[in-house]
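Contents: one structure, followed by commentary.
The values are calculated or read from the model by the stated rules, or taken from the named source; none is laboratory data. Keep in mind that this is a model prediction, so the values were computed, not measured. For neighbour counting, all protein chains shown are included, and Cβ atoms are generated from backbone atoms with ideal geometry for every residue, glycine included. Accessible surface is based on the protein model in full, side chains and every heavy atom, while ligands, DNA and RNA are left aside. Shrake-Rupley method; radii C 1.70, N 1.55, O 1.52, S 1.80 Å.
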There are 6 protein chains.
Amino acid sequence: MVFITRREQFNAAHRLFRDDFSEEENLRVFGKCSNPNWHGHNYTLFVTVKGPVAPQTGFVVNLASLGRLIREKVVEKLDHRNINLEVPFMSGRLASTENLAVAIWEELEEEIRKLGGILHSVRINETENNSAEYLGPEQEKE
Amino acid sequence: MVFITRREQFNAAHRLFRDDFSEEENLRVFGKCSNPNWHGHNYTLFVTVKGPVAPQTGFVVNLASLGRLIREKVVEKLDHRNINLEVPFMSGRLASTENLAVAIWEELEEEIRKLGGILHSVRINETENNSAEYLGPEQEKE
Amino acid sequence: MVFITRREQFNAAHRLFRDDFSEEENLRVFGKCSNPNWHGHNYTLFVTVKGPVAPQTGFVVNLASLGRLIREKVVEKLDHRNINLEVPFMSGRLASTENLAVAIWEELEEEIRKLGGILHSVRINETENNSAEYLGPEQEKE
Amino acid sequence: MVFITRREQFNAAHRLFRDDFSEEENLRVFGKCSNPNWHGHNYTLFVTVKGPVAPQTGFVVNLASLGRLIREKVVEKLDHRNINLEVPFMSGRLASTENLAVAIWEELEEEIRKLGGILHSVRINETENNSAEYLGPEQEKE
Amino acid sequence: MVFITRREQFNAAHRLFRDDFSEEENLRVFGKCSNPNWHGHNYTLFVTVKGPVAPQTGFVVNLASLGRLIREKVVEKLDHRNINLEVPFMSGRLASTENLAVAIWEELEEEIRKLGGILHSVRINETENNSAEYLGPEQEKE
Amino acid sequence: MVFITRREQFNAAHRLFRDDFSEEENLRVFGKCSNPNWHGHNYTLFVTVKGPVAPQTGFVVNLASLGRLIREKVVEKLDHRNINLEVPFMSGRLASTENLAVAIWEELEEEIRKLGGILHSVRINETENNSAEYLGPEQEKE
């Protein structure tokens with residue numbers, strides 16, 4: 001079992017807020033992240049895939065193919081977009097880094113299995129100080 | 001003459017577009033950066049100040065004071081804001097990295113002179129691949 | 001279960017040595033790190049907290065609150081300090097990166113539980129080449 | 001149980017290909033990485049060792065000794081070398097990052113036990129976007 | 001006058017040596033960089049372009065266009081290549097970082113003028129410790 | 001004329017203070033940097049040398065030789081040292097980053113001329129936010 005990680009990036013706008021909160025409640029709970037005029041980030045995404053090394057290629061999964069898959073299924077839907085308004089797989093979810101990691105996991109898990117690997121982790125760095133990582137639903141049962 | 005540099009950061013939303021362009025023209029000229037729903041970045045700002053080293057302190061300018069000045073005059077007006085809609089010193093300017101560097105120079109130059117230094121350069125990294133730097137209006141005459 | 005990580009930093013002086021060693025023994029065991037006149041580092045601290053994502057906020061724990069907690073309980077006691085002489089929670093411990101990680105865990109674990117999360121890991125980068133990580137006392141029983 | 005990590009680096013040439021493939025098959029499977037004239041990378045190696053903290057030193061293992069060991073057993077054999085042609089422990093293996101991580105594990109495991117630690121992980125960053133990590137043969141049974 | 005910088009990357013093999021030197025002379029002058037079996041690097045390229053900011057776009061030069069130009073004229077000829085054997089614009093030149101910076105300048109200068117900017121600097125980081133920068137032939141006369 | 005840059009690093013303790021100031025005055029002027037028990041940093045040093053490219057080697061100056069020179073003349077005197085107490089070339093100078101850059105320039109200028117290059121710049125990053133750069137005494141006359 002070897003773990004390989006592919007880094008991809010996207011730049012997006014977002015806002016943390018709830019429709020059922022007043023502007024004041026949103027500000028109290030989410031601080032400056034609730035600005036109604038949006039703000040944004042350079043998000044860095046790390047997708048880790050595990051599996052045995054195929055003797056014929058020396059690969060768990062071809063990292064170039066993995067990069068293409070992540071760009072097609074995830075990055076193209078997020079890059080230069082508004083996460084609250086324009087990203088189908090974030091519809092109805094608060095646009096937090098935690099929820100983004102879970103949603104990206106759900107977009108990628110089955111697709112990565114088709115490539116022959118097992119999705120192990122989705123990590124997102126929102127800033128150099130803040131990041132979130134999701135290891136899948138089975139992690140929750142421990 | 002020694003040059004000191006202070007790094008500060010801000011996260012903001014923006015959009016590249018012209019009111020007098022149609023949506024199609026904006027897309028042709030500015031590409032995905034013209035998305036009407038905004039996108040955003042983690043901007044990294046480097047402000048370089050030059051001057052002689054004061055014998056009494058060993059400083060050109062106290063870097064802690066310089067950091068406070070940059071945060072008060074620039075970062076607090078940009079951080080978690082929409083550059084097109086909410087930043088007084090960017091009003092009426094296209095929200096490009098180039099224009100942002102020039103505008104930040106104008107906000108800081110006189111204030112830095114009051115601290116006892118001479119503003120030498122404002123550099124902004126918009127992403128790890130793209131940056132802009134302004135060395136002031138006198139640079140243009142060369 | 002999602003894992004969130006907050007990065008904080010501090011600059012401190014330290015020395016690796018034992019009172020019950022001669023200067024020569026200290027030099028033999030700890031090398032240049034035993035210099036009696038001290039040396040120092042820019043320490044980078046990564047605190048990872050795990051927990052379910054609260055549906056109301058999209059957060060495991062508010063990363064801004066986590067940052068404030070780490071700065072108040074840990075960084076303010078270490079930053080611009082001498083780790084051997086001035087840091088109450090390092091008193092009586094060798095000032096190694098390993099011991100620092102364990103001590104910071106002990107300072108933070110209960111406080112993070114009050115915020116609603118579970119401390120998962122404390123990692124400290126002493127230089128770009130050297131780091132230590134502690135996952136808590138239960139890790140030892142495995 | 002504390003985990004310490006030492007970073008080392010090496011610059012090497014390599015090529016991904018199989019002798020039993022035609023040039024076309026190699027190009028189809030390995031893409032531009034199969035260039036018969038070689039290409040190369042700045043490889044960054046992270047070796048993580050775990051163990052209890054020795055009360056006498058505050059160390060899991062002396063990081064300076066660990067660094068020397070990694071340089072002697074691994075880096076000196078790879079640095080400024082051709083991984084396909086000149087590295088004994090890669091002989092007969094496809095020069096993928098995955099295989100390199102496994103081979104470095106095998107070179108280091110016993111040696112690190114002699115230093116008093118337990119090898120936990122070998123991670124290699126081939127580029128800023130691509131990396132591989134190996135946690136040893138016991139990881140495979142899970 | 002504003003300066004914009006675009007970062008691009010390429011991974012290549014090379015060797016420092018002279019045909020008219022014996023293997024021993026090459027080793028004496030170029031050290032391990034003269035290894036006849038090649039070694040390689042992840043090269044990071046920074047291209048800086050200067051010019052006035054166009055009022056219509058807020059750009060010195062569109063950074064996306066600049067990136068495409070650099071990839072087409074320079075990166076595609078170097079990436080996953082052997083600099084000594086396969087790169088037309090390095091033919092007959094020692095494959096040092098200095099010479100690479102000069103050669104890339106020559107490939108780009110006129111093309112960047114066609115985009116409407118003035119090439120100011122070509123900088124190449126060969127490793128995190130070593131880099132070279134060329135500011136053009138006029139710099140030599142000073 | 002090509003500019004080459006070598007990066008080196010050192011970890012040191014220091015304190016900003018004046019003997020002729022009271023503890024209160026030192027605290028007012030230098031803040032937490034005046035802590036009498038010292039603090040420290042991982043300093044990163046960038047030395048830039050300019051000159052024509054030698055046709056025989058493709059080098060301005062051999063970067064390996066330049067690295068050895070910087071380590072011998074500068075890094076070995078600073079690394080794991082107390083800058084205020086133990087570094088001959090900082091004796092009698094306030095241990096600010098500005099003064100350190102000037103002092104390192106003075107240590108290196110003549111030595112680099114012997115290697116065949118011209119010292120162009122000494123830059124020191126004290127933290128990721130603070131740095132100082134010195135371009136030599138002739139810069140002051142402009």
Practice prompt. For the stretch B:64-142, divide the Cα radius of gyration by the Kirkwood radius and give the resulting Rg/Rh value with two decimals.
Written response: 0.96
Item to complete: Tell me the label-point distance for the pair F:Glu76, A:Glu138, using the 7 Å Cα-to-Cβ offset, in nm and rounded to one decimal.
Response: 5.5 nm
Discussion item. Two decimals, Cα atoms only, Kirkwood Rh: what is Rg/Rh over the stretch E:1-74?
Written reply: 1.25
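If you add up the charges near A:Leu108, with Lys and Arg at +1 and Asp and Glu at -1, over every other residue whose beta carbon is less than 15 angstrom from its beta carbon, what do you get?
On the way: positive: A:Arg6, A:Arg7, A:Lys50, A:Arg68, A:Arg71, A:Lys73, A:Lys77, A:Arg113, A:Lys114, A:Arg123; negative: A:Glu8, A:Glu72, A:Glu76, A:Glu106, A:Glu107, A:Glu109, A:Glu110, A:Glu111, A:Glu133.
Counting the neighbours of A:Leu108, the net charge comes to +1.
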Worksheet entry | Whole-Hz couplings from phi, Karplus 6.51/-1.76/1.60, listed for the stretch A:10-20; x for Gly and Pro | 8, 10, 8, 9, 7, 7, 9, 6, 10, 4, 8
Worksheet item: Taking Cα atoms, how many degrees apart are the long axis of helix C:97-115 and the longest axis of chain C, rounded to 10 and kept between 0 and 90?
Response: 30 degrees
Fill in: Links that overshoot a 30 Å alpha carbon limit, given the list A:Lys32/C:Lys77; A:Lys77/C:Lys50; F:Lys32/F:Lys114; B:Lys50/E:Lys50; A:Lys114/D:Lys32; A:Lys32/C:Lys50
F:Lys32/F:Lys114
Discussion item. I need the calculated FRET efficiency for the pair F:Lys32 and F:Arg68, taking r as the beta carbon distance and R₀ as 30 Å, to the nearest 0.05.
Written reply: 0.25
Discussion item. How charged is the neighbourhood of B:Val122? Take every other residue with its Cβ under 10 Å from the Cβ of B:Val122, and add Lys/Arg as +1 and Asp/Glu as -1.
Written reply: -3
Response to the item:
Contact order relative to length for the stretch F:5-99, counting C-alpha pairs under 8 Å separated by 6 or more residues, stands in percent at 40 percent
Item to complete: Among the aspartates and glutamates, select those whose C-alpha is under 17 Å from the C-alpha of A:Lys73, and discard any that sit fewer than 8 residues away in the same chain.
Response: A:Glu8, A:Glu86, A:Glu106, A:Glu107, A:Glu109, A:Glu110, A:Glu111
Worksheet, complete the sentence: If labels are modelled 7 Å from Cα along the Cβ direction, F:Gly136 lies from its partners in the other copies at nm distances, smallest first, of 2.2, 2.2, 5.6, 5.9, 6.0
Worksheet item: Taking K and R as +1 and D and E as -1, what net charge do the other residues with C-beta under 12 Å from the C-beta of E:His14 add up to?
Response: +1
Discussion item. Please compute the per residue accessible area over chain A with all protein chains in place, 1.4 Å probe, rounded to a whole number of Å².
Written reply: 42 Å²
Worksheet entry | Karplus 3J(HN,Hα) series, Hz, for the stretch B:30-43 with 6.51 cos²θ - 1.76 cosθ + 1.60 (x for Gly, Pro) | 10, x, 5, 5, 8, 2, x, 8, 6, 9, x, 8, 8, 7
Worksheet item: In Å² (nearest 100), what accessible area is buried between A and B, both sides summed, heavy protein atoms only, 1.4 Å probe?
Response: 1800 Å²
Discussion item. Over all directions, how big on average is the projection of the convex hull of the alpha-carbon atoms in chain F, in square nanometres?
Written reply: 9.6 nm²
Worksheet item: Taking amide hydrogens as modeled 1.01 Å from N in the peptide plane, which residues meet the under 5 Å criterion relative to E:Ala12, leaving out close sequence neighbours?
Response: D:Gly40, E:His41, E:Tyr43, E:His80
Worksheet, complete the sentence: So for R0 = 56 Å, FRET eff. of C:Asn129-A:Glu23 from the Cβ-Cβ r, to 0.05, ends up at 0.70
Worksheet item: Under unit Cβ charges (Lys, Arg +1; Asp, Glu -1), what dipole magnitude, rounded to 20 debye, does the stretch E:4-85 have relative to its Cα centre?
Response: 440 debye
Practice prompt. Starting from a label point 7 Å past Cα on the Cβ side, list the distances from E:Glu72 to the same position in the other copies, nm, shortest first.
Written response: 2.6, 5.0, 5.0, 5.5, 5.7
Worksheet item: Since chains A and E are linked by a rotation, which residue in A has the beta carbon closest to its axis, and how far is it in Å?
Response: A:Gln9, 7
Worksheet entry | Gyration tensor (alpha-carbon) shape descriptor, the protein assembly as shown, a/c threshold 1.5 | rounded
Worksheet item: How many partner chain Cβ atoms sit within 10 Å of a residue's Cβ in peptide D:127-138, on average, as a whole number?
Response: 5
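Using only helices, what value at 222 nm comes out for the protein assembly as shown when you add -39,500 (n - 2.57) per DSSP H run of length 4 or more and divide by the total residues, to the nearest 500 deg cm²/dmol?
Estimated from H runs of four or more residues: -8000 deg cm²/dmol.
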Response to the item:
For the stretch F:47-64, in residue order, the Karplus 3J(HN,Hα) values (coefficients 6.51, -1.76, 1.60; θ = phi - 60°; whole Hz; Gly and Pro = x) are 10, 10, 10, 10, x, x, 7, 5, x, 6, 10, x, 10, 6, 8, 4, 5, 5
Practice prompt. May I ask you to give the percent of accessible area on the protein assembly as shown that is carbon plus sulfur, with a probe radius of 1.4 Å?
Written response: 45 percent
Discussion item. If each label sits 7 angstrom from Cα along the C-beta direction, how far apart, in nm, is A:Leu85 from its counterparts in the other copies?
Written reply: 0.8, 5.4, 5.8, 5.8, 6.1
Worksheet entry | Amide proton proximity set for C:Val53, modelled H, under 5 Å, gap of 5+ | C:Val2
Response to the item:
the stretch B:76-142 and the stretch D:59-117 have their Cα centres apart by a whole-number Å value of 48 Å
Response to the item:
Between the residues A:Trp105, A:Val47, A:Ile83, the Cα farthest towards the positive end of the dipole of chain A, that dipole coming from +1 and -1 charges on the beta-carbon of Lys, Arg, Asp and Glu, is from A:Val47
